[in-house]
Amino acid sequence: MKTDNKSITMIQDHAPNISIVVPIFNEAHCIEGVLIQLLAQSYDPECIEILVIDGQSTDGTQDLVQKYADRYPNVHLFENPHRLSSAARNIGIRHASGDVVLIIDGHCELENDHLLTNVAEAFETSGADCVGRPQPQDIRAATALQRAISAARSSWLGHHPDSFIYSDKAQFVPAASVAVAYRRDVFEKVGYFDENFDACEDYEFNIRCDKAGLKCYFTPNAAVSYQPRASLCELFKQLFRYGRGRIRMMRKHPETFSSRTLLPALMVAGIVPGLMLAGFSSTMAIAWFVAVGVYLAVIGIASAQLAVRHADLPLAAWLPIVFPTIHFGAGTGLLLEAVRSCRRQDAPASH
């Protein structure tokens, strides 16, 4: 749904000040585009401040941002010596002066010039404490692999089924997987982002918002898009980090435990050791081949269905590779972080 001129006028008559926090690291290839899109918003520029938090980039990102900070008084550059996204968010929040804090990644696409107006309108009309939005993947100039990654990540077999990030319906939802904008007093109620997290820090913060009874309103009018990962290696690393983050989540918030979350770890734990055990027992070998066969059949069927649904035949060739990359990346991260957690718990206390 597009924002009409009447809505724009209504919001800007009593527009809340919005602080936009942009955590970045080595984003020279895209940060200028994000800044241009933010500065081109229909929102009153006097009610906007853009706080770019750089994690000691080495590709000239800081120089690019400084060029805009020198030209526009509402663009500010801060350094993030800890280099974590969680730390960057906290630096931005502490320097923010707005009534609303909006987190925008330095590598996303803002195709809607009324995005800030839509965020303000969502707060105004819903009375919510937080606002969430979808994050579809932009595949207009994507390779066949990127299209496959996008299709897989938006499917039940490649993404957590409880997430609303691919929804297109305005509604009140749990903040957990979607909240990106917050009223200022939210941070007074639940604190800041946990800097022990180098992944899933947003999910962990939003879980605290839910536990505090804060309301989150989801609006598709505030969507931003992302480019799918360009290689299987990048995809594996992304899911590996997510897997590690989910174990840390379950340690801090045991109520987030879900058997579905652990399925990738169980798959990795079964397939790899199972292959070795299969050499010692014909029964184990049969069980291993049956399990792998079922897994491959499920992937094959899902891949064919997605190729037909998207009318994109190359997906049928790429998805049987993409799905295992997603599952093995998340599963390996889950297992490694679980082992590390056990070692920390078993380690003798220092004196």
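A short reminder: the numbers here are calculations on the coordinates, not readings from a lab. Model, not experiment: these values are computed from the prediction. Neighbour counts are summed over all protein chains in view; Cβ atoms, including those assigned to glycine, are modelled from backbone coordinates with ideal geometry.
Which shape class applies to the range 144-250: rounded if a/c is under 1.5, otherwise prolate when a/b exceeds b/c and oblate if not, where a ≥ b ≥ c are the square roots of the Cα gyration tensor eigenvalues? Oblate, since a/c reaches 1.5 and b/c is not below a/b.
Any chance you could check the Cα centroid distance between the range 164-208 and the range 88-118 for me, in angstrom? Result: 13 Å between the Cα centres. Take every DSSP beta bridge whose two residues both sit in the chain; close to 35 percent of them are antiparallel. Counting lysine pairs in the chain that sit 8 or more residues apart in sequence, or on different chains, and whose Cα atoms lie under 29 Å apart gives 13.
For Leu235, Leu334, what ranking results if the residue with the fewest other Cβ atoms within 10 Å of its Cβ goes first?
Taking fewest neighbouring Cβ atoms as first place, the list is Leu235, Leu334.
Within the listed set Ala265, Ala297, Ala128, the residue fluctuating most in the Gaussian network model of the chain (springs between alpha-carbon atoms under 10 angstrom) is Ala297. Multiplying each eigenvalue of the alpha-carbon gyration tensor of the range 233-346 by 5 and taking the square root yields semi-axes of 27, 22, 11 Å, largest first, rounded to whole angstroms. Once the Kirkwood radius over Cα pairs is known for the range 5-230, the Stokes-Einstein relation at 4 °C and 1.567 mPa s delivers a diffusion coefficient of 73 µm²/s. The Rg/Rh ratio of the range 163-219, with both radii computed over alpha carbons and Rh defined as the Kirkwood radius, is 0.96.
Note on Ala317 and Gln171: the model spin-label points, each 7 Å out from Cα along the C-beta direction, lie 3.9 nm apart.
Evaluating 6.51 cos²θ - 1.76 cosθ + 1.60 at θ = phi - 60° for every residue in the range 208-223, the Karplus couplings come out as 5, 4, 5, 5, 7, x, 6, 9, 10, 10, 9, 10, x, 6, 10, 5 Hz, glycine and proline recorded as x.
Of the peptides 317-330, 244-257, the ranking by mean beta-carbon count within 10 Å, highest at the top, reads 317-330, 244-257. Its Cα centre serving as origin, the chain has a Cβ charge dipole (Lys and Arg +1, Asp and Glu -1) of approximately 1400 debye.
Each of the peptides 95-106, 65-76, 283-294 was scored by the mean count of other Cβ atoms within 10 Å over its residues; in descending order, highest first, they stand as 95-106, 65-76, 283-294. Subtracting the Cα-Cα distance of Arg71 and Glu111 from 0.36 nm times their residue separation leaves 12.1 nm of extension gain. Length available on full extension from Val294 to Thr143: 0.36 nm per residue minus the Cα-Cα distance, which gives 51.4 nm.
For the pair Ala285 and Ile36, the difference between a 0.36 nm per residue extended length and the Cα-Cα distance amounts to 83.8 nm.
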